[in-house]
Amino acid sequence: MKELSQLLNGIPGSVTVSVNEKAKAMQAAGLDVISLAGGDPDFDTPNHIVEAAVSAIRAGKTHYPAPTKGTPEVMEAIARKTARENRITVDSKSDVIVTPGSKWALFLALAAVVNPGDEVLYLEPAWVSYPPMIRLVGGRPVAVSLPAENNFTISEELLSKAISHKTKALLINSPNNPTGRVLRREEVEVVTSTALKHNLFVIADEVYEKLIYEDRPHYSIGAEAKMAERTITTNGLSKGYAMTGWRLGWLVGPTEIIKLAAKFNSHSITSAAAFTMSAAVAALNGPQEAIEEMRRAYQDRRDFMLSAIRGIDGIECQSPEGAFYLFPRFTQTEMDSLTLSESLLKQAGIAATPGIAFGASGEKHLRFSYATAMSDLEQAAERLARVVPRL
């Protein structure tokens, strides 16, 4: 047999998916495992969104959408939402692409701006798929490790040290997976000034924007002065609307960039499913009370888990400002995060994602998702209190 792809052979699988699937397999085998490793909301999709999709299927919206990058209705809904909530003005006809999930939106954004050998900065701790996606489009991922002791705060000094003459773009995620950090005003100013000074594109992953706590503001980089022409914003319905399985995301940005991304889209997946676009219209234009109820529930779960683990010797944890993850640091063990994760699964029946999966600055941390039932969280807290002091 001839040699297979060297590129794909050199890219690791997703650790978050691997740990979550291992936990589910153990549960299916009858083992008592609490999975806090995934990022899938435990809520059902709000009913009015489901009904919109069912009605669309019954009305025959099971063919290719026209245009394939998004029906006029969904692209208009996204453009209106982007102007209303993010203060970014885009033309619905030329500046929007609807995608099967926000991960594909990120891939399209990278493919549209990166040439072979271009460097793309990303901030650690970072979602596990960022570096592989950059490599898959021919770019070179460059990690900017943010220090845990400063709560992973972005600084101009750290960004500047990582920039070279090959740097093409900066990938930003707020609220952040895995830390739950939300960009503060001074960090936004660091990002925008750096992008303008060094002529960088910015790709802003905002998929967790509906999940922010204590009335903190959400800043969209594309809304900042002089940034619209160099910023691609990706988003989707998976997290805030409990629609992970629907696979519905989008990207918005400058017309010329979106035109290239649309070309890639047409030669790869063609389109998202037509009836999910109808669901997206209902989600974005319809009532938002259910989304707020879910956000409040996540905040209550966060508060419970934060209080519980802060009472355990050997764990330090900052309060996440958004998303639905805790990223505690384990301070009284010599184990690395991978060994720690395996030990916790074996001794406590808790599946968590090792911090090293999110980059070097995540070492000694684990990521716990609280997008699960409170009863599971209560059991997890009891098990952590019993096991962690002995690790």
Practice task
Quantify, in whole percent, the carbon and sulfur part of the accessible surface of region 299-391 (1.4 Å probe; protein heavy atoms only).
Solution key: 44 percent
Handout entry: Eligible aspartates and glutamates near Lys24 by straight Cα distance, threshold 12 Å, same-chain separation 8 or greater
Key = Asp32
Exercise for the section: Please grab the % of Cα pairs in region 179-230 that end up more than 18 Å from each other. Expected result: 32 percent
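Accessible area of region 174-288 with a 1.4 Å probe: how many percent of it is carbon plus sulfur? Before the final figure, lay out each step's value.
On the way: 2200 of 4050 Å².
Whole-percent figure for carbon plus sulfur exposure: 54.
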Completion exercise
In whole angstrom, the spacing between the Cα centers of region 1-57 and region 253-289 equals 22 Å
Exercise for the section: As a check on your grasp of the helix formula, calculate [θ] at 222 nm for the chain: sum -39500 (n - 2.57) over DSSP H runs of n ≥ 4, divide by the residue count, round to the nearest 500. Expected result: -12500 deg cm²/dmol
Handout entry: Candidate lysines for bridging to Lys166, where Cα separation is under 21 Å - those fewer than 8 sequence places away on the same chain excluded
Key = Lys197
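What whole-number volume per residue, in cubic angstrom, does the convex hull of the C-alpha atoms of region 223-262 give?
Numbers: hull volume 2.6 nm³, N = 40.
Given the Cα convex hull of region 223-262, per-residue volume reads 65 Å³.
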Completion exercise
Relative to the chain, whose Cα atoms define the longest principal axis, helix 102-113 and its Cα axis are tilted in degrees, nearest 10, by 60 degrees
Problem - lysines with Cα under 30 Å of Lys93, excluding same-chain neighbours fewer than 8 positions away - result: Lys61, Lys69, Lys81, Lys103, Lys168, Lys210, Lys226, Lys239, Lys259, Lys263
Completion exercise
Taking alpha-carbon centroids only, region 69-83 lies from region 92-114 a number of Å equal to 13 Å
Practice task
Take peptides 283-289, 346-352, 101-107 and line them up by average Cβ neighbours within 10 Å, highest first, as a rough protection proxy.
Solution key: 101-107, 346-352, 283-289
Fill in the blank from the handout: Per 10 angstrom bin, beginning at 0 and ending with the bin that holds the maximum distance, the Cα pairs of region 189-259 fall in percents of 18, 43, 31, 7, 0
Practice task
State in Å² the accessible area per residue of region 164-271; use a 1.4 Å probe, count heavy atoms of protein chains only, and round to the nearest integer.
Solution key: 37 Å²
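Which value, in debye to the nearest 20, describes the size of the charge dipole of the chain about its Cα centre when Lys and Arg Cβ atoms bear +1, Asp and Glu Cβ atoms bear -1, and nothing else is charged? Each step should come with its number before you reach the end.
Details: 41 positive and 44 negative charges, 192 e Å.
Here the chain has a charge dipole of around 920 debye.
The values are calculated or read from the model by the stated rules, or taken from the named source; none is laboratory data. Here the structure is a predicted model, which means the values were calculated and not measured. Here the Cβ is made from the backbone with ideal geometry for all residues, glycine too, and neighbour counts use every protein chain on show. Calculation scope for accessible area: heavy atoms of the full protein, side chains included, ligands and nucleic acids excluded. Shrake-Rupley method; radii C 1.70, N 1.55, O 1.52, S 1.80 Å.
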